[in-house]
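The structure appears below as structure tokens.
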Amino acid sequence: MPLDLRKDNSEEKKYYYSEDGNTIGPFSLSELLEKIGPETLVYREGIDWTNAKEVQELKKFFKPKKVESDPISAFLTQESVIPSPKSVSLASKKVVSDPVSSVLTQDRVAPTPNPARMASEPKKMFSAPFSFKGRIRRTEYGLSAIIYFIAYSIVLAMMDSLPIASFGIIPIIWFYFAQGAKRCHDRGNSGWYQLIPFYALWMLFAEGDQQANSYGNPVK
């Protein structure tokens with residue numbers, strides 16, 4: 001069935017969808033429909049994470065197809081399924097469950113992770129200090145700046161008596177710029193913004209995006 005993608009208010013909205021616990025987007029309505037199914041978790045401004053088939057403007061694209069039944073095939077199928085006396089007698093017997101086995105079985109079944117729930121769960125600070133992906137808040141960035149200046153000063157002091165200590169500058173600088181990139185992402189900006197003069201100072205006080213952006217979910 002051809003999709004009716006005429007311009008309306010929904011086409012102007014920006015959508016995100018969740019895949020393997022990651023937030024992907026933003027997309028227009030037409031772009032989103034090429035990437036999701038009816039059970040995919042979708043988010044846009046104004047709604048929480050919801051299955052695509054439950055979103056008002058997306059319902060019409062996931063209507064179940066009607067399957068036309070063949071009356072002759074249905075009749076032959078019903079006639080061919082004849083229950084045996086033994087199966088009927090077994091079905092009539094009550095099955096008494098073992099409570100111990102029931103408890104052990106329930107313990108083995110691990111709950112399926114819900115991407116929407118994962119998106120709202122808080123993340124620990126410094127969970128990926130050398131990664132340039134994701135977002136961090138002002139507190140973690142402020143602590144990172146303090147750690148950077150202390151570690152940098154220690155390495156500089158050691159370089160006079162121990163020249164090999166100069167190699168310690170590399171991971172320290174990497175750490176600082178990785179944390180700075182994630183702080184830029186929290187405000188919806190590219191990590192290159194931290195190279196703007198005095199922008200690093202501004203990031204210590206500026207509030208981050210409260211909603212999901214193209215760099216991930218908000219950090220709580």
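Please treat every number below as a calculation from the coordinates, not as lab data. From a predicted model like this one, the values you see are computed outputs, not experimental measurements. As a convention, Cβ positions derive from the backbone with ideal geometry for all residues, glycine included, and neighbour counts pool all protein chains shown.
Can you give me the distance in nm between label points at Tyr152 and Leu195, each placed 7 Å from the Cα along the Cα-to-Cβ direction?
Inter-label distance under the simple model: 1.7 nm.
What Kirkwood hydrodynamic radius, in Å, does the range 125-220 give when the mean of 1/r is taken over all pairs of distinct Cα atoms and then inverted? Could the numbers behind the result be given before it?
Details: mean 1/r = 0.0719 Å⁻¹.
For the range 125-220, inverting the mean 1/r across all distinct Cα pairs yields 13.9 Å.
Can you put Thr50, Thr139, Thr23 in order, fewest other beta carbons within 10 Å first?
With the sparsest Cβ surroundings first, the list reads Thr139, Thr50, Thr23.
So if we plug the beta-carbon distance of Phe205 and Phe132 into 1/(1 + (r/R0)^6) with R0 = 22 Å, what FRET efficiency do we get, rounded to 0.05?
Working: r = 22 Å, r/R0 = 1.02.
According to the calculation, E is roughly 0.45.
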